[in-house]
There are 2 protein chains.
Amino acid sequence: MGSLPLELFQPLDPDVFIKESHAVVDFIADYYRGIEQYPVRSQAEPGYLSKLLPDTPPIFSEPIDTILEDIKKDIIPGLTHWQSPNFYAYFQANASTAGFLGEMLCSGFNVVGFSWISSPAATELESIVMDWMAKMMKLPSMFLFSGGQGGGGVLHGSTCEAVVCTLAAARDKALTKIGHDSITKLVVYASDQTHFTVQKASKIIGIPPCNFRVIPTTAYSGYGLTADAVRSVMEEDISQEFTPLYLCATVGTTAIGAVDPLLELGQVAKEFGVWFHVDAAYAGSSAVCPEFRRYFDGVELADSISMNPHKWFLTNMDCCCLWLRSPTELVDSLSTNPETLRNKPSDAREVVDYKDWQIALSRRFRAMKLWLVIRRYGMAGLMEHIRSDVGLAKHFEKLPRFDDDDDDDGLKMNIRLLDAVNSSGRAFMTHAIIGGRFVIRFAIGTTLTEIRHVDATWRLIQGIAKGLLLADHS
Amino acid sequence: MGSLPLELFQPLDPDVFIKESHAVVDFIADYYRGIEQYPVRSQAEPGYLSKLLPDTPPIFSEPIDTILEDIKKDIIPGLTHWQSPNFYAYFQANASTAGFLGEMLCSGFNVVGFSWISSPAATELESIVMDWMAKMMKLPSMFLFSGGQGGGGVLHGSTCEAVVCTLAAARDKALTKIGHDSITKLVVYASDQTHFTVQKASKIIGIPPCNFRVIPTTAYSGYGLTADAVRSVMEEDISQEFTPLYLCATVGTTAIGAVDPLLELGQVAKEFGVWFHVDAAYAGSSAVCPEFRRYFDGVELADSISMNPHKWFLTNMDCCCLWLRSPTELVDSLSTNPETLRNKPSDAREVVDYKDWQIALSRRFRAMKLWLVIRRYGMAGLMEHIRSDVGLAKHFEKLPRFDDDDDDDGLKMNIRLLDAVNSSGRAFMTHAIIGGRFVIRFAIGTTLTEIRHVDATWRLIQGIAKGLLLADHS
């Protein structure tokens, strides 16, 4: 002990790296080739894996071929195949070759760009690609670094992180004026369609859970928030001596893709002096197509905007864009300046240090991935991608529908139908409850989905539904 | 618009995937082969990249070869090479072939395992690998799923996330008893050597910044926290009607690797009823070697323990292990149960839903990576890895040292020496201030570092120091 081993352990030998990496690339390509053979939603039972794997780690090294065989045998049956063309559940998590290449480069370089100096290219590419993305979405120049008005963007891992950070910035800006004791008086506003991540983030940053207002929406507004509803809740809060803090509007809600009217809501936010965040996690990618950009009218009133390229923009997990009108407000809340990280460019305030724009110190070189996706496919390819998915959804919409059935049997039938389709392994869909009704969601847009899959899944649904109806009447 | 394009855009075609992925693998291997030719700390000037890249995204697709050429030409000169064998700054961020393969599989499958059902293998492998890792570190069984006492672990992206989540759990457990208004009375304790992430996390979850106690350490205790110091600060707080909430102890501090005495501190934590967190981000990996396990004596008193395989455990970014004695306390604070995610196994509480163990909903399949590292290298290989690095550090320690120089010239000389070494591009080190003195840190442990690099860097340091001394006296 203490003496050096004669033979050094070499876990980054380039020849081994090439050989094993090529094997894994081929393994993944085979997985994509055969993906339709697997049940889309895993049919594994809880606890299945601990019956297959040893309960202690191996003492000695195992060869990669053995590990890949075990992945095929033990892991793949327990995957729910998000990349299957027959995956219509939750949201699409688009993988792509370019996204994968970007992840490889991120992981291969394995640099940690918390401060500019800890890898200048990681910071600068991120700032450039955030401006590119903003230009593709035609966001107002105030959100761009190059806009010259102090704005800019950062890549987070998730919307929740973006919301935690912007909520913390809004909170600290408010508490600086009214004192920290007033944290229990701050109120956050969202709709009953807003992603639950906002409620969770609000709790995380210390707002009392009872100060989170879930404003009801109705079919009348397409399940979008109305300015009147928001205004009346805020007025009521003020009359009770609460302080409205933060309003989240959504472009493309989780359950049904509803769109909150940004222009009206932004005006209410201005009126009450609250932070206005726009969550476009899901539908934000569509803004690259001019015909969908109108859903973002009013975004110029936002204080912050987030969207996830890891959903519908061919960018493998994880990647969340967050733009800010005044990043200094975020930095004021999140910055730290420990001696061990001090350096000349940071001290001179010549550079962006992204550690102060996020929760953690460490960060991955995610910009590489988004940059590769944009360059490899180009704006034209990315627009085609979005339009192709919208085309598939419009195609599905035209297929015959079941008659509406408002009685309880309809609810039960939908639940049974969903369960039967998912248990068949041939497609995976999930549900929502909208206006009190149980709705089966059919979220089209995995990278491999083609019109033939949509048609076949529709036939599957019809067949299963007919079987259930027959069984009921026999 | 609305009509389907005749030719579908195919960004996940397996043949293209193989061809381009192989090209990128070879590119990364070439990067490792030639990594010593690059300046370790990038010599780029702030703003260098925006002069090289276009300020708008491309309209049309670009070939991968063009992109890789640009990475070589424009990006690599802006990287600070964390994988260089001459990188001795901050902390080691070990890359390895197995870590890279695990990242590829994670990215290739691109599943999102937020709930058990959204990919059972992702959840179950994570639970199994957390138990493996705990066994390797000889953590008490109460932190293992298989320990049968309700404990268990989760993979986060960073220590800060682990601290935010455990702080939120501790906060909500306390506020349930004493009311949310008392959030301004809660106090968090750490030492002047504790990573700043704890202070940041404490602010994020809404504890007033003035309620964060930075307890001084001294050379006398090896810059470790003492039980007496903690007890007296807590007693003082209680006398002022504050409520002690959370104590963070560190095994292997950022600046100099100091170790807080867990047993004594854990006893104080018990005495005052505060949450006791052990941050072993950096040195935690060493616990796999029996001869270093003694630094963890007393860990059985912890409520939670975190360590980062993405530092010193050959696991590419990002990967942070968090174990909890009572995960239900975490889940009570962070859980959400939106209708769109409801499913039978979750409703029956038969499974772990990791979305309730972390900040975000989305999560990457990080367990794949850690599992591959452990299997590919085995416990024996991983122990050799740790021992080899410790051996290199002990070797370096024996090399002749400069005479201590306590006057101001010594400080200035150290600053000039550090600056000159880093500007040479031949090595990168960073600094700390310990007990009021400016210290150059020499953090040994990147995957590619061998004894010849340590020796050559020592000669470089000597040469530069001599040059500076000569210049001063000429």
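The values are calculated or read from the model by the stated rules, or taken from the named source; none is laboratory data. As the structure is a computational prediction, the values presented were derived from the model and not from experiment. When we count neighbours, we look across all protein chains shown, and the Cβ atoms used for this are built from the backbone with ideal geometry, even at glycine.
When the residues of the range A:129-139 are filtered to those that are in contact (Cβ under 8 Å) with a residue 40 or more places away in the chain and part of a helix (DSSP H, G or I), which remaining residue is farthest from A:ARG364 (Cα to Cα)? Going through the qualifying residues, I end up with A:MET136. Inspection of the range A:119-134 identifies at least one residue that is among the β-branched types (Val, Ile, Thr) and surrounded by fewer than 23 Cβ atoms within 10 Å (Cβ to Cβ).
Every condition in (1) within 7 Å of chain A (Cβ to nearest Cβ); (2) over 21 Å from the mean Cα position of the chain (by Cα) holds for B:GLU103 except the one numbered (2). The one condition from (1) more than 29 Å from B:THR449 (Cβ to Cβ); (2) in a helix (DSSP H, G or I) that B:ARG293 does not meet is (1). Out of all the residues in the range A:345-363, is one or more under 21 Å from A:ASP279 (Cβ atoms), modelled with pLDDT of 95 or more and in a strand (DSSP E or B)? The answer is no; no qualifying residue exists. Pairing each residue of the range A:438-456 that is more than 15 Å from B:PHE9 (Cβ to Cβ) with any residue that is among the small types (Gly, Ala, Ser), provided the two are 6+ apart or on different chains, yields C-beta distances under 6 Å for A:VAL439/A:ALA432; A:ARG441/A:ALA432.
Out of the residues in the range B:59-89 that are at the interface with chain A (Cβ under 7 Å from one of its Cβ atoms) and in a loop (DSSP other than H, G, I, E, B), state the one that is farthest from A:ASP13 (Cα to Cα). Once the filter is applied, the top-ranked residue is B:ILE59. When the range A:32-43 is filtered for residues that are under 24 Å from the mean Cα position of the chain (by Cα), of a type outside the set (Gly, Ala, Ser) and either assigned to a loop (DSSP other than H, G, I, E, B) or at the interface with chain B (Cβ under 8 Å from one of its Cβ atoms) (or both), the ones remaining, listed by number, are A:TYR32, A:VAL40, A:ARG41.
Could you look through the range A:59-84, keep only residues that are over 28 Å from A:ARG426 (Cα atoms) and surrounded by 14 or more Cβ atoms within 10 Å (Cβ to Cβ), and pick out the one that is nearest to the chain's Cα centre (by Cα)?
A:ILE64
I want to confirm something. Restricting to the range A:356-379 and keeping residues that are more than 19 Å from the chain's Cα centre (by Cα) and within 9 Å of another protein chain (Cβ to nearest Cβ), which single residue is surrounded by the fewest Cβ atoms within 10 Å (Cβ to Cβ)? If we take residues in the range A:356-379 being more than 19 Å from the chain's Cα centre (by Cα) and within 9 Å of another protein chain (Cβ to nearest Cβ), then A:GLY378 is surrounded by the fewest Cβ atoms within 10 Å (Cβ to Cβ). The number of residues in the range A:318-340 that are within 13 Å of another protein chain (Cβ to nearest Cβ) and either surrounded by fewer than 22 Cβ atoms within 10 Å (Cβ to Cβ) or touching a Pro at 6+ places or on another chain (Cβ under 6 Å) (or both) comes to 10.
If I filter the range A:148-167 for residues that are at the interface with chain B (Cβ under 8 Å from one of its Cβ atoms) and either surrounded by fewer than 24 Cβ atoms within 10 Å (Cβ to Cβ) or in contact with a Pro (Cβ under 6 Å, 6 or more places away or on another chain) (or both), do I get at least one hit? Looking through the range A:148-167, none of the residues is at the interface with chain B (Cβ under 8 Å from one of its Cβ atoms) and either surrounded by fewer than 24 Cβ atoms within 10 Å (Cβ to Cβ) or in contact with a Pro (Cβ under 6 Å, 6 or more places away or on another chain) (or both). Out of everything in the range B:44-58 that is in contact (Cβ under 8 Å) with a residue 12 or more places away in the chain and at the interface with another protein chain (Cβ under 9 Å from one of its Cβ atoms), what residue ends up being farthest from the chain's Cα centre (by Cα)? Ranking the qualifying residues of the range B:44-58, first place goes to B:LEU53.
Any residue in the range A:5-17 that is under 25 Å from B:LEU382 (Cα atoms), touching a His at 6+ places or on another chain (Cβ under 8 Å), at pLDDT 95 or above and not polar (S, T, N, Q)? Yes, the range A:5-17 contains a residue that is under 25 Å from B:LEU382 (Cα atoms), touching a His at 6+ places or on another chain (Cβ under 8 Å), at pLDDT 95 or above and not polar (S, T, N, Q).
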